[in-house]
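Have a look at the structure below, then the notes.
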Amino acid sequence: MKGPAPPDGPEALTALIVEVFRLNGRLISTGDRLVSDLKLTSARWQVLGAAALAPSPQPVAWLARSMGLHRQGVQRIVNELVAEGIFALEENPHHRRARLVRLTRTGEQLFEAAGRRQKPWAKRLAKGLPPKAIAAALEVLKTLRERLERAEFAE
């Protein structure tokens with residue numbers, strides 16, 4: 001006797017989206033615990049990472065866009081991290097008011113410390129997962145994100 005057929009089309013995609021929401025919640029809570037004693041939250045870590053991984057100092061709006069977040073929320077976190085000496089703001093030669101966000105040496109050290117925790121955690125989480133399955137999941141999620149970024153799927 002066979003079980004019910006797996007969902008297909010829109011039903012399968014909806015199930016995937018619901019699972020991504022659940023995963024996001026777990027990632028946030030786990031990330032918060034992983035870096036809490038570094039005085040980071042998942043949100044602060046995400047903004048720190050966006051700035052650290054950018055090819056050059058970026059305005060807040062660009063950092064927010066790269067993460068799919070609202071500029072105002074990222075601005076609030078950037079302001080906190082500037083006050084704590086983790087970020088510095090530089091003049092932007094292309095825009096007077098949109099200053100560039102740069103990691104300070106303290107910020108670089110903080111990002112490195114968080115990364116030292118993240119790497120073994122990710123290794124444990126990935127244990128037993130076939131690399132091809134991870135790559136396939138990444139490709140599906142990337143394609144969905146890119147489609148949502150295009151105007152015809154934005155609403």
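No value in this document is a laboratory result; all are computed from the given coordinates. Predicted model, so just to flag it, every value in this text is computed and none were measured. Here the Cβ positions follow ideal geometry from the backbone for every residue, glycine too, while neighbour counts run over all protein chains shown.
Structure data summary
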{"item": "Region 31-150: Rg to Rh, with Rh as the Kirkwood radius over Cα pairs", "result": "1.02"}
{"item": "Cβ crowding within 10 Å averaged over residues, with 56-63, 114-121 ranked highest first", "result": "56-63, 114-121"}
{"item": "For peptides 71-78, 44-51, sequence by mean Cβ density within 10 Å, most packed first", "result": "44-51, 71-78"}
{"item": "Anchor Lys142: aspartates and glutamates whose Cα lies under 17 Å away (excluding residues fewer than 8 positions away in-chain)", "result": "Glu19, Glu152"}
{"item": "Rounded tilt (10° steps) of 131-149 against the dominant C-alpha axis of the chain", "result": "70"}
{"item": "Region 1-72 and region 77-155: distance between their alpha carbon centers, rounded to Å", "result": "9"}
{"item": "Sparse-neighbour loop sites [GluC sites (Glu not before Pro); region 37-114; at most 14 other C-beta within 10 Å; DSSP]", "result": "Glu84, Glu91"}
{"item": "GNM flexibility winner over the chain from Ala64, Ala83, Ala15 (Cα, springs under 10 Å)", "result": "Ala15"}
{"item": "Which of Gly128, Val140, Ala114, positive extreme of dipole for region 71-155 (C-beta unit charges)", "result": "Gly128"}
